[in-house]
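A.B. asks: Got a structure for you, questions after.
What follows is calculated from the coordinates using simple rules that are stated; it is not laboratory data. All of these numbers come straight from a predicted model, not from anything done at the bench. Positions of Cβ are backbone-derived with ideal geometry, glycine not excepted, and every protein chain shown enters the neighbour counts.
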Amino acid sequence: MKLVKPEVAPEIEAATLREMYRSMLLARMVDERCWLLNRGGKAPFVISCQGQEGAQVGSVFALDRGQDWFAPYYRDLAVVLALGETPRDILLSVMGKAGEPNSGARQMPSHFGSRRLRIISQGSSVGTQALHAVGTALASRSRGEAAVSISYVGEGGTSQGDYHEAMNFASVHRLPVIFFVENNNYAISVPLNLQMAVQDVAVRAAGYNMPGVVVDGQDVPEVYRVTKEAADRARAGDGPSLIEAKVHRFTSHSSDDDQRVYRPEAEIKQEAQEDCLPRFRDHLFEEGALTQEQETALRTELRKQIDDATQAAEDAPYPAPEEALLHVYGQEPPSLDDLRGEPRVTWDVD
Amino acid sequence: MAGLGSHKTVETSAGQMTFIQAIQSAMRDEMERDESVIVMGEDVGVKGGVFGATAGLHKQFGGLRVIDTPLAESSIAGVAIGAAINGMRPVAEMQFADFIHPAFNQIVSEAAKMRYRTNNDFSVPMVIRAPFGGGVHGALYHSQSVEAFFAHVPGLKVVIPSTPYDAKGLLISAIRDPDPVLFFEHKKAYRLIKGEVPEGENYTVPIGRARVARQGNHMSVFAYGLMVHYCVQAAEEMAKEGHSVEVIDLRTVRPLDRQAIKSSVEKTGKALIVYEANRTLGVGAEVSALIAEECFEYLDGPVLRLGGPDVPAMPFSAPMENFFMPNPEKIYKAMRQLAAY
């Protein structure tokens, strides 16, 4: 399934390359901040993007952020930051504070969703979002729009029946969908060889009569190129594609996990040497798109932004408890008290 | 399922429709009125559905709006959710309620929670229609009543009409509703039940409101779907003996019309709930708990439930099927028992 990589990297303007690097770096730094807060007792739960930022940002920038639909999964911090979520949004989320835009602080962190940004809300049930991406694509095509829908998932999520149903439905109806798999080799602790009997998720595309490619997730311009190709094909009416980005997971599954229990130390060390972030930075240096001074200034700027966002989130109030009763339906019931769990007492107690 | 799948034209007099014609009529009217309404499911296209509920729609509206899907229920629900998120009003058909279970996760974890989990940012204006219920030799996997699974879930609405008039009016309301609605149609009612449906008139029946199917003063009987008709028949027998039985057609089992239930029990002082699903933890349990908690001082007797037996599902062989199904005789007997208290 290995693609022959073209000799020449895709044409990406220097300003865009800088914007891509900024998104990747911002995601890494926000993620690191979340872990600090977790270890400091201020964030109950953290789940990370670290190691996967290159695949995430490379794919987002190949799409049309003005019209396309995005169905991320919980590791896609760099996806949603590239789409317009802010460090403040993320920090409100990890602290469960009022004004958190993804869910009103109802969901765990990293359960992204924004109608304005066309980020399809996700729950915690893995793999379901692929069908939602197919449904949004069906609607776009019904109205004759050129929008593409992209569904992100880890390799573990591709074992779900929903994932296969989504690939089948999209291909039967030739819908403009990109199935983007971030294969980091582990579903919590379960390694690839216990997840599937194939080396590459991408070979499964053949069973649904769609193109399937493997791409090095550390190679950002190449991720951009293959995603752009899939998007062009989708917009031309030629149906869905599957892209498998081989990525690394630098952190444990989540803040409640310890990957040293189930991963060889040498593997973790080796993967750290292959970090997409310095690799892309060096690529920008070579291209003349970024200088060392600019990079240092960028880090300082982002650090300040994240510090401010952290402070704002710490200062923000929690939601009122009774907000838990809101928005079960579009039309609230005549009395929200009808939703309460307490006994319905209609007599004098005292 | 040849017996269930044949859909002959049913003769009706002017202004009359069968239950299934009312369902067809609601979908056709809404598709004509609103281009965002689409129909999707297994065999809903050229064939027009295994019961004929979507007959003629593919010809009239084409394959982009009347979509034959692969045989995979989770994808029917999941794709409908995505389409609803992106501005469509999908009416998804599960061929039989018995086969809705593979879609349970999409309906319960995704559709039902979408508005809540996005703090009102996203919504899923989607209808899932499914034929349910027994009495047609459908056996274990073509007879189930699955409403209780979904009636337990905040974020969903569960509608079960009993008359053609309500079927059309409630289905139109369901299609226009901003939230996911499960719409269960009793398959034995499809051609058995006929009734007045105003011709060419677009009307709605509100979701969440019960209907007095028969006025009475001595006891209240609550039912929905086909059982409403059986309860009215049993009530007529009771009337011959001087018992005045009120039959309330719940029409929506989530949200329940609490006020209608309380008003009736406050008047009669006795309550029986009749439903075809397994008796334990069914809709009858919730209605009976509501009455016990909020109408205690009005009660003149225990609250009774007549449901299907607590066996996995309805057997095929006719005597065993009849044993499972509540019918007017069994309901009459339960009414007599309650009257005797």
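A.B. asks: Which of the residues belonging to the range B:315-328 are free of Cβ contacts under 8 Å to residues at least 40 places away in the same chain and part of a helix (DSSP H, G or I)? Working first, answer last.
C.D. replies: Of the residues in the range B:315-328, the ones free of Cβ contacts under 8 Å to residues at least 40 places away in the same chain are B:317, B:319-320, B:322-323.
Result: B:P319, B:M320, B:N322, B:F323.
A.B. asks: I've got another one for you. Restricting to the range A:189-244, and then to whatever is touching a Ser or Thr at 6+ places or on another chain (Cβ under 8 Å) and β-branched (V, I, T), can you tell me which residue is farthest from A:D68 (Cα to Cα)?
C.D. replies: So, considering only residues that are touching a Ser or Thr at 6+ places or on another chain (Cβ under 8 Å) and β-branched (V, I, T), the one farthest from A:D68 (Cα to Cα) is A:V201.
A.B. asks: I need a count of the residues in the range B:220-245 that are buried (at least 24 other Cβ atoms within 10 Å of the Cβ) and more than 19 Å from B:A189 (Cβ to Cβ).
C.D. replies: Number satisfying all stated conditions: 2.
A.B. asks: May I pose another question? Filter the range B:34-61 for residues that are within 14 Å of chain A (Cβ to nearest Cβ) and not in a loop (DSSP other than H, G, I, E, B) and give the result.
C.D. replies: If the condition is that a residue be within 14 Å of chain A (Cβ to nearest Cβ) and not in a loop (DSSP other than H, G, I, E, B), then B:V37, B:I38, B:V39, B:M40, B:G41, B:F61 are the ones that fit.
A.B. asks: Further, regarding this structure: Tell me whether the range A:75-89 contains one or more residues that are outside any helix (DSSP H, G or I), in contact (Cβ under 8 Å) with a residue 60 or more places away in the chain and closer than 20 Å to A:V153 by Cα.
C.D. replies: Within the range A:75-89 (the criterion being outside any helix (DSSP H, G or I), in contact (Cβ under 8 Å) with a residue 60 or more places away in the chain and closer than 20 Å to A:V153 by Cα), the answer is yes, since at least one residue qualifies.
A.B. asks: While we're here: What single numbered condition from (1) farther than 21 Å from B:P102 by Cβ; (2) crowded, with 23+ Cβ neighbours inside 10 Å; (3) among the hydrophobic types (A, V, I, L, M, F, W, C); (4) more than 7 Å from chain B (Cβ to nearest Cβ) fails to hold for A:M167?
C.D. replies: Every condition holds for A:M167 apart from (1).
A.B. asks: Next question, about the same structure. Are any of the residues in the range A:41-63 closer than 30 Å to A:P221 by Cα, basic (K, R) and in contact (Cβ under 8 Å) with a residue 24 or more places away in the chain? Steps first, answer last, please.
C.D. replies: At the first step, the residues of the range A:41-63 found to be closer than 30 Å to A:P221 by Cα are A:46-63.
When the remaining residues are screened for being basic (K, R), the result is none.
Scanning the range A:41-63 turns up no residue that is closer than 30 Å to A:P221 by Cα, basic (K, R) and in contact (Cβ under 8 Å) with a residue 24 or more places away in the chain.
A.B. asks: Would you please list the contacts, defined by Cβ atoms under 7 Å and residues six or more apart or on different chains, that run from a residue in the range B:205-228 that is under 26 Å from B:V136 (Cβ atoms) to a residue that is assigned to a helix (DSSP H, G or I) and β-branched (V, I, T)?
C.D. replies: B:A213/B:V228; B:A213/B:V232; B:R214/B:V232; B:F222/B:I261; B:F222/B:V287
A.B. asks: Taking the range B:126-154 on its own, how many of its residues are surrounded by fewer than 22 Cβ atoms within 10 Å (Cβ to Cβ) and in contact with a Pro (Cβ under 9 Å, 6 or more places away or on another chain)?
C.D. replies: Residues that pass the stated criteria total 2.
A.B. asks: What number of residues within the range A:168-190 satisfy the criterion of being aliphatic (A, V, I, L, M) and closer than 19 Å to A:E244 by Cβ? Spell out the reasoning first.
C.D. replies: Of all residues in the range A:168-190, those aliphatic (A, V, I, L, M) come to A:170, A:172, A:175, A:177-178, A:181, A:187-188, A:190.
From what's left, closer than 19 Å to A:E244 by Cβ: A:170, A:177-178, A:181, A:187, A:190.
Result for the range A:168-190: 6.
A.B. asks: Within the range A:110-120, can one find any residue that is of a type outside the set (F, W, Y), facing another protein chain (nearest Cβ under 10 Å), in contact with a helix residue (DSSP H, G or I) (Cβ under 6 Å, 6 or more places away or on another chain) and free of Cβ contacts under 8 Å to residues at least 40 places away in the same chain?
C.D. replies: No, because not a single residue in the range A:110-120 is of a type outside the set (F, W, Y), facing another protein chain (nearest Cβ under 10 Å), in contact with a helix residue (DSSP H, G or I) (Cβ under 6 Å, 6 or more places away or on another chain) and free of Cβ contacts under 8 Å to residues at least 40 places away in the same chain.
A.B. asks: Based on this model, can you work out whether A:E222 counts as part of a helix (DSSP H, G or I) and either β-branched (V, I, T) or crowded, with 19+ Cβ neighbours inside 10 Å (or both)? Break it down stepwise before answering.
C.D. replies: On the way: part of a helix (DSSP H, G or I): yes; either β-branched (V, I, T) or crowded, with 19+ Cβ neighbours inside 10 Å (or both): yes.
Considered against the rule, which asks whether it is part of a helix (DSSP H, G or I) and either β-branched (V, I, T) or crowded, with 19+ Cβ neighbours inside 10 Å (or both), A:E222 comes out as yes.
A.B. asks: Taking A:F112 as the residue in question, decide whether it is part of a strand (DSSP E or B) and not aliphatic (A, V, I, L, M).
C.D. replies: Details: part of a strand (DSSP E or B): no; not aliphatic (A, V, I, L, M): yes.
For A:F112, the condition - part of a strand (DSSP E or B) and not aliphatic (A, V, I, L, M) - is not met.
A.B. asks: Given the conditions (1) closer than 22 Å to A:E53 by Cα; (2) touching a helix residue (DSSP H, G or I) at 6+ places or on another chain (Cβ under 7 Å); (3) surrounded by 20 or more Cβ atoms within 10 Å (Cβ to Cβ), and given that A:T136 satisfies all but one, which numbered condition is not satisfied?
C.D. replies: All conditions pass for A:T136, except number (1).
A.B. asks: Can I ask one more? For the condition under 13 Å from the mean Cα position of the chain (by Cα), under 17 Å from A:S255 (Cβ atoms) and surrounded by 23 or more Cβ atoms within 10 Å (Cβ to Cβ), what is the one hit in A:C49, A:C34? Explain how you work it out, then say what you get.
C.D. replies: On the way: A:C34 fails: under 13 Å from the mean Cα position of the chain (by Cα).
From the options A:C49, A:C34, the qualifying one is A:C49.
A.B. asks: Here's a follow-up. Identify the residue in the range B:58-83 that is among the aliphatic types (A, V, I, L, M) and under 22 Å from the mean Cα position of the chain (by Cα) and, among all such residues, is farthest from B:I20 (Cα to Cα). Walk me through how you get there before you give the answer.
C.D. replies: Kept after step one, since they are among the aliphatic types (A, V, I, L, M), are these residues of the range B:58-83: B:64, B:66-67, B:71-72, B:76-77, B:79-81, B:83.
From the residues that got through so far, the ones that are under 22 Å from the mean Cα position of the chain (by Cα) too are B:76-77, B:80-81.
Values: B:I76: 22, B:A77: 22, B:A80: 23, B:I81: 25 Å.
It comes out as B:I81.
A.B. asks: Checking the conditions here, which among A:S140, A:S125 is within 13 Å of chain B (Cβ to nearest Cβ), of a type in the set (G, A, S), more than 27 Å from A:E314 (Cα to Cα) and in a loop (DSSP other than H, G, I, E, B)? Explain how you work it out, then say what you get.
C.D. replies: Working: A:S140 fails: in a loop (DSSP other than H, G, I, E, B).
Going through A:S140, A:S125 in turn, just one is within 13 Å of chain B (Cβ to nearest Cβ), of a type in the set (G, A, S), more than 27 Å from A:E314 (Cα to Cα) and in a loop (DSSP other than H, G, I, E, B): A:S125.
A.B. asks: Across the range A:319-350, which residue is surrounded by the most Cβ atoms within 10 Å (Cβ to Cβ) among those that are within 36 Å of the chain's Cα centre (by Cα) and more than 11 Å from chain B (Cβ to nearest Cβ)? Spell out how you get there, then give the answer.
C.D. replies: Applying the first criterion (within 36 Å of the chain's Cα centre (by Cα)) to the range A:319-350 yields A:319-333, A:336, A:339-341.
With the extra rule that they be more than 11 Å from chain B (Cβ to nearest Cβ), the set shrinks to A:320-322, A:336, A:340-341.
Numbers: A:A320: 10, A:P321: 7, A:E322: 10, A:L336: 13, A:R340: 11, A:G341: 4.
Result: A:L336.
A.B. asks: To continue, here is another question. Restricting attention to strands (runs of 3 or more DSSP E) lying wholly within the range B:62-166, give those where 1 or more residues are more than 14 Å from chain A (Cβ to nearest Cβ) and touching a residue at least 60 places away in the same chain (Cβ under 8 Å). Reasoning before the result, please.
C.D. replies: Working: elements: B:66-68, B:89-93, B:127-132, B:157-159.
Once the strands (runs of 3 or more DSSP E) in the range B:62-166 are filtered for at least 1 residues that are more than 14 Å from chain A (Cβ to nearest Cβ) and touching a residue at least 60 places away in the same chain (Cβ under 8 Å), what remains is B:127-132.
A.B. asks: Identify, by number, the condition in (1) within 30 Å of B:P255 (Cα to Cα); (2) within 28 Å of the chain's Cα centre (by Cα) that A:L298 doesn't meet.
C.D. replies: (1)
A.B. asks: If we keep just the residues of the range B:176-219 that are under 25 Å from B:N120 (Cα atoms) and touching a Phe, Trp or Tyr at 6+ places or on another chain (Cβ under 6 Å), which is surrounded by the fewest Cβ atoms within 10 Å (Cβ to Cβ)?
C.D. replies: Quick first cut of the range B:176-219, residues under 25 Å from B:N120 (Cα atoms) only: B:176-183, B:206-209.
Adding the requirement that they be touching a Phe, Trp or Tyr at 6+ places or on another chain (Cβ under 6 Å) leaves B:179, B:182.
Details: B:D179: 22, B:L182: 30.
The extreme case among them is B:D179.
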